[in-house]
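All remarks here apply to the structure that follows.
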Amino acid sequence: MQGLFAPLPKGVDAFSTPLGDVRLDSAAVERLRKISDFNGPSAAHGPEHSLEVELPFLQVIAPQAEVIPILVGNETDTEVAKRMAKALAPLLNEATAVVVSSDFTHHGDRYRWTPFSEPDLGAKLLHLREVTAGRLAAIDPDGFTYPVEVSGDTVCGVRPLMVLAQLLANAFDGSGEVLEVTTSGHRIKSWDLSVTYAAVAFYGSWTTWKQPGLAPLLGELSPRQGAETVALARATLESLLMHNGSLAEWYAAASEREALRARAGAFVTLNHKGVKPGSPGRLRACMGLIEAGQPLNDAVVLAAVWASQDPRFPRLEARELDDLDVEVSVLSPPRRVSGPKAIEVGKHGVILEKGSHRAVFLPHVATEQGWDRRTMLEHLARKAGLPSNGWRQGALFSVFTAQIFGEHH
């Protein structure tokens, strides 16, 4: 299942509650039903009651309002959230309020999420929620969504909040504010099970949907911008393995984010500290995206997550982070070359393709290993699952350059 689920069987135009009926905007509901992202199965409502919980509050606050109740499916990703937000935008005007409800962090054995421990459990939970809710209040879809998904944070309503974030980013002029953050643990003084709550309000007006153009290809990064990509990779790993707010903090503090929204490929490399380049045992992980099909900051987050799961090595653990240097390679778009003679060792990263076989080396690999062109291509062929001479006939080659930034460069 994917997308938002229309709330009621056809023909039903009101909810009944102890306070009376709640009227639906039937025309809007039927309009949304015709869009596949909204037309999910009614069975999705069987175990779910979040809409019904909201209704008495709406009846008291706005008893004459007509509502469009929408339940969001767990498989809604960023692209679907953006499509749904775009479909909702024409329904909004100065008299429209959008209400999204969600608990935030669920901590405890019952919730199968216990990354933090006492005595400072309450402070950790509050801080995590403050920085994450702060990204939502800042109308920062990536800064809200990536930290929650990377850290594994148990925000049960992250999907409808993603839709809200996209709606605010693309069809709203205004600002947001975190009104309050608390936890059930602080209220009842028990931490066996704790749920975190945040109230966030937005002030402004709805607009027509903005049509952002395709992000430009990335040019050359400055040393400061490169350092921020490295800090982003480190923050991603910390949030992933320690379940903390490091990634949300990066999004809040980064001064070069606009530059990092340009499209580029990137690799994240993890090296053992104190081991010289080219020495055995230096590399801990290296993964990334070659094509410039996404903003650089997205590529770095994804590459860092993948590096933690590099299949050539054991899965990364939090205890290792202090002993690793983080390096980010920012790639130029690949270009096809006529053959091996066009490859400049030390300058070019190389992609070898032959049938279903494919492998890549970053530009500095050959230099660090002391390889000439032939030796590099033999190793590259073996990495692709070919014989060492498999590069000589029938192979295609593409090259790219890379800016390399590291914690100790």
Once Lys and Arg are counted +1 and Asp and Glu -1 for all other residues with Cβ under 15 Å from that of Arg282, the total becomes -3
Burial-style ranking of 397-406, 154-163, 94-103, 299-308, average other-beta-carbon count within 10 Å with highest first, yields 299-308, 154-163, 397-406, 94-103
Just add up the charged neighbours of Ala366: K/R +1, D/E -1, any other residue whose Cβ is under 13 Å from the Cβ of Ala366. 0
Sorted on mean Cβ neighbours within 10 Å (highest first), peptides 270-282, 330-342 come out as 330-342, 270-282
Net charge near Ala395 (other residues with Cβ under 9 Å of its Cβ; Lys, Arg +1; Asp, Glu -1) is +1
Provide the descending list of Cα extents for the chain along its principal axes, expressed in whole angstroms. 80, 51, 37
5 Å is the cut-off here: which amide hydrogens, built 1.01 Å from N in the peptide plane, fall below it relative to Asp140, excluding neighbours closer than 5 in sequence? none
Residues of type lysines that Lys124 reaches as a straight line, Cα spacing below 16 Å, ignoring anything fewer than 8 places off in the same chain: Lys189
Ranked highest first by average number of other Cβ atoms within 10 Å, how do 242-253, 75-86, 204-215 line up? 242-253, 75-86, 204-215
For segment 175-309, what does the convex hull of the Cα positions come to per residue, in cubic angstrom? 182
With -39,500 (n - 2.57) per DSSP H segment of 4 or more residues and division by the full residue count of the chain, the 222 nm estimate, nearest 500 deg cm²/dmol, is -10000 deg cm²/dmol
Volume in Å³ per residue [convex hull over Cα atoms, computed for segment 298-377]: 138
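Give the carbon-plus-sulfur fraction of the accessible surface of the chain in %, rounded to a whole number; probe 1.4 Å, heavy atoms of protein chains only.
Roughly 52 percent, rounded to a whole number.
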What ³J(HN,Hα) values, in whole Hz, does the Karplus curve 6.51 cos²θ - 1.76 cosθ + 1.60 give for segment 257-269 when θ = phi - 60°, with x put for Gly and Pro? 4, 4, 5, 7, 7, 5, 7, 6, x, 7, 10, 10, 10
Note down the nm distance, to one decimal, between modelled labels 7 Å out along Cα→Cβ at Leu396 and at Arg187. 5.9
Sorted by chain and number, the residues with a modelled amide H under 5 Å from that of Thr183, at a separation of 5 or more or across chains, are Tyr197
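The values are calculated or read from the model by the stated rules, or taken from the named source; none is laboratory data. Please read these numbers as outputs of a predicted model, since none were measured by experiment. Neighbour counts are summed over all protein chains in view; Cβ atoms, including those assigned to glycine, are modelled from backbone coordinates with ideal geometry. Note: accessible area is taken over every heavy atom of the protein model, side chains too, but ligands, DNA and RNA are not part of it. Shrake-Rupley method; radii C 1.70, N 1.55, O 1.52, S 1.80 Å.
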